[in-house]
Amino acid sequence: MRLTNRHLLGWLEAAPLTLVLLAFLAAPIAMIVIVSFWGATEFSIYPAFQFDNYEFLFSSPVTYRVFGATLKYAFVTWALTLSIGFTVAYFLAFHIRSQTVQIALFLVCTIPFWTSNIIRMISWIPFLGRNGIANQTLISWGVIDAPLEWLLYSDFSVILAFVHLYTLFMVVPIFNTMMRIDRSLLEAARDNGASGFQTLRHVILPLTKPGIMIGTIFVVTLVMGDFITVRFMSGSQRANVGRLISNDIGLLQYPSAAATAVVLLCTVLIVIAILLRFVNIRKEL
Amino acid sequence: MDRRPRSFYVLAAVFGLFVLFLYGPILTIGILSFQGPQGGLTFPMNGVSLHWFRDLFQEQAVGDIWGAFRRSFGLGLMVMVTTVVISVMAGLAFRKRFAGSGVLFYAAITSLVIPSILISLGVGLIFNQLGLKIHWATSGFGAQLTWTLPFGLLIMFAVFNRFDRSYEEAARDQGASAWQTIRHVVLPIIAPSLIGVALFGFTLSYDEFARTLLTAGSYNTLPLEIFGMTTNVTTPVIYALGTLTTAFSFAVIALCLLGVWIVSRRRARLGSDAGKGV
């Protein structure tokens, strides 16, 4: 009897969350899958069961190029955010001795995250533009003669913005797992004659893996689903899957957008499934 | 205190560069928003003035900024309260390890990692097909919850995993009912974390763009309005807006930190009655 009570009460308490997820997560996904088989005229969409959208999607070379670009953005951003995030977290966790300073510096890193993403993107324009600070500085130093054109509206600026927006998603989970490493393990390593690098390689890195995985999941999924950073920072000159979907939406081609969305969702879920092989997130919280 | 190794200084320099990287651009547009009336989008400064801030307040060229701000603020508060309440309830539920809790947990994780544009598209399609009107307070509100609730839930997980259950046992031993235990023991202990959940809920909603894009209806929220401006406004008025919204976000964070500080000070003062007699 006690057992049923526990389950009943659990479900009652979890009911609001369940309802929200059913209505605004499960139902929309189901809807997208259904609509991906529908047809579209210029003005409206109509129920059907046809594979036209998928056929078109998989027969178009654009699709493969755009998926390739999406994975490239995700991989490069991941590599950069991981190296920066790990270094920053390592510095905070193992080199700052006072806890107050540690919390203060951590807050310094997190605060920009709370401001608007679009504003943070806009703020790169005076830096990277043709007459921006970067070009003017380089010219005045005599490094270059003419402004570099690839600083803004290029793959470079897209990835720079991604790193700017999302490195925090690496720093927080990595810092969190590093803080939970038992400091006596490091002492033991030192006593056994390990160098600083060996300790890092054989003690800290393996123990930080869960944090790295959680950060990776965040960064990879955010970058793969993004459409606004790519559009804004590339000046509409580059594309990823998110932009493909948002373009179709702009043209009111919902079935086609839905088919692309289904393929994107599958890709993201496969990537996550692979990453989850390496870590049990529920245990790590 | 022993001497710092050389790696400390190298890492400190890296950290300094990282902070500069984070704040540099924001500071730049902060400075540039004080351009004179003739000033443009980049340096050099063409005089110093409040011209662009005045422009913003006159709401002529820039659309309905203040209406958008009011809607975003209201929506942020709605999302904040809902997120706190639902996250706490779900957090308590997950402690009971009820049947099916695993499925619900993975649903929440899915909600967190699913590309935002899919939620936006799906919710928009559903409302469309059901003949419902999309509006920021209905479809927009629901779409944003799929992003804020998983964050709230993860924070509750972290909180309850570190929660000392002996306090609850003590309350129960003294005859407190389940509800009394939650009201007088659990909630006060987790209060500072709830401020964190509230901060997450509000700011995530206040800045959310992708999930609101197709679900806000005819009245824009602030991020949508700002995005509209980026395509058709070419004066520093957009920097002025950026500076103001950033200042507003910082004020909200400061308020929350103050809240946490007050709560923990009160606890330090009133938390223990040891040595005070009965």
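The values are calculated or read from the model by the stated rules, or taken from the named source; none is laboratory data. Everything numeric here is computed off the predicted structure, so don't read it as measured data. Glycine also receives a Cβ, built like all others from the backbone with ideal geometry; neighbour counts cover every protein chain displayed. The accessibility values were calculated without ligands, DNA or RNA, using every heavy atom of the protein model including side chains. Shrake-Rupley method; radii C 1.70, N 1.55, O 1.52, S 1.80 Å.
Counting Cβ atoms of other protein chains within 10 Å of each residue's Cβ and taking the mean over peptide B:181-189 gives 0. Percent of alpha carbon pairs in the range A:86-168 separated by more than 22 Å? Taking all Cα-Cα pairs of the range A:86-168, the fraction more than 22 Å apart is 46 percent. Modelled spin labels at residue A:44 and residue A:237, positioned 7 Å past Cα toward Cβ, are 4.2 nm from each other.
Helices assigned as whole DSSP H runs in chain B whose Cα atoms extend at least 24 Å along their own long axis and whose mean Kyte-Doolittle hydropathy is -0.5 or higher are found at B:6-32, B:65-95, B:141-161, B:187-207, B:237-270.
In terms of Cα atoms, the Rg and Dmax of the range B:1-61 work out to 19.3, 62 Å. Annotation for the range A:1-75: chymotrypsin sites (Phe, Trp or Tyr not before Pro) lying in DSSP loop with at most 11 further Cβ atoms inside 10 Å of their Cβ are A:43, A:49. Shape class for chain B: oblate, because the ratio a/c of the largest to smallest gyration tensor axis (alpha-carbon atoms, square roots of eigenvalues) is 1.5 or more and b/c is at least a/b. The B-A contact accounts for roughly 7900 square angstrom of buried accessible surface, both chains included, probe 1.4 angstrom. If you take all other residues with their beta carbon under 13 Å from the beta carbon of residue A:86, and give Lys and Arg +1 and Asp and Glu -1, the sum is +2. Residue B:7 contributes an accessible area of around 60 Å² to the protein surface, as traced by a 1.4 Å probe with all chains present. Compute the Cα gyration tensor for the range A:222-284, then decide on rounded, prolate or oblate, letting a ≥ b ≥ c be the square roots of its eigenvalues: rounded whenever a/c is under 1.5, prolate when a/b is larger than b/c in the other cases, and oblate in all that remain. It is oblate, given that a/c is not under 1.5 and a/b is not larger than b/c. Around the amide H of residue B:45, modelled in the peptide plane, lies no amide H under 5 Å away from a residue 5 or more places distant or on another chain. Global dimensions of the range A:69-283 from alpha-carbon coordinates: Rg and Dmax equal 20.4, 66 Å.
Inter-chain Cβ neighbour count for B:9-18, averaged per residue, equals 4 (cutoff 10 Å, partner chain atoms only).
With the whole protein complex present, residue B:205 retains an accessible surface near 10 Å², based on a 1.4 Å probe. Across all Cα atoms of the range B:120-177, the radius of gyration (one decimal) and Dmax (whole number) stand at 19.8, 55 Å. Each residue of the range A:215-228 was assigned a 3J(HN,Hα) from its phi angle through the Karplus curve 6.51 cos²θ - 1.76 cosθ + 1.60 (θ = phi - 60°); the sequence is x, 4, 4, 4, 4, 4, 5, 4, 5, 5, x, 5, 9, 7 Hz, with glycine and proline shown as x. Put a plus charge on the Cβ of each Lys and Arg, a minus charge on the Cβ of each Asp and Glu, and nothing anywhere else: the dipole of the protein assembly as shown about its Cα centre is then about 1680 debye. The alpha carbon convex hull volume per residue for the protein assembly as shown rounds to 210 Å³. Less than 5 angstrom separates the built amide H of residue B:35 from those of B:49, all sequence-distant by 5 or more or on a different chain. The fraction of accessible area contributed by carbon and sulfur in the protein assembly as shown is 66 percent, rounded to a whole number (1.4 Å probe; ligands and nucleic acids excluded). Using a probe of 1.4 angstrom and keeping all protein chains present, the accessible surface of chain A works out to 47 square angstrom per residue. In the range A:162-185, the residues that give up 40 Å² or more of accessible area when the other protein chains are added, compared with the chain on its own (1.4 Å probe), are A:164.
Highest-first packing order for the peptide set A:167-176, B:168-177 is A:167-176, B:168-177, based on the mean count of other beta carbon atoms within 10 Å. Peptides A:203-215, A:153-165, B:91-103 ranked from most to least packed give A:153-165, A:203-215, B:91-103, packing being the mean of other C-beta atoms within 10 angstrom over each peptide's residues.
Computed about its Cα centre, the charge dipole of the range B:1-108 is approximately 680 debye, with only Lys, Arg, Asp and Glu carrying charge at their Cβ. Using θ = phi - 60° in the Karplus curve 6.51 cos²θ - 1.76 cosθ + 1.60, the 3J(HN,Hα) couplings for the range A:66-71 round to 5, 5, x, 4, 4, 5 Hz; x is entered for Gly and Pro.
When ligands, DNA and RNA are left out and all protein chains stay put, how many square angstrom of accessible area per residue does the range B:64-232 have with a 1.4 Å probe? The answer is 38 Å² per residue.
Need the per-residue list for the range B:115-145: every residue with at least 40 Å² less accessible surface in the complex of protein chains than in the chain by itself, probe 1.4 Å, sorted by number. Correct list: B:115, B:117, B:118, B:121, B:125, B:126, B:129. Using the Cβ-Cβ distance between residue A:60 and residue A:266 with R0 = 22 Å, the FRET efficiency computed as 1/(1 + (r/R0)^6) comes to roughly 0.80.
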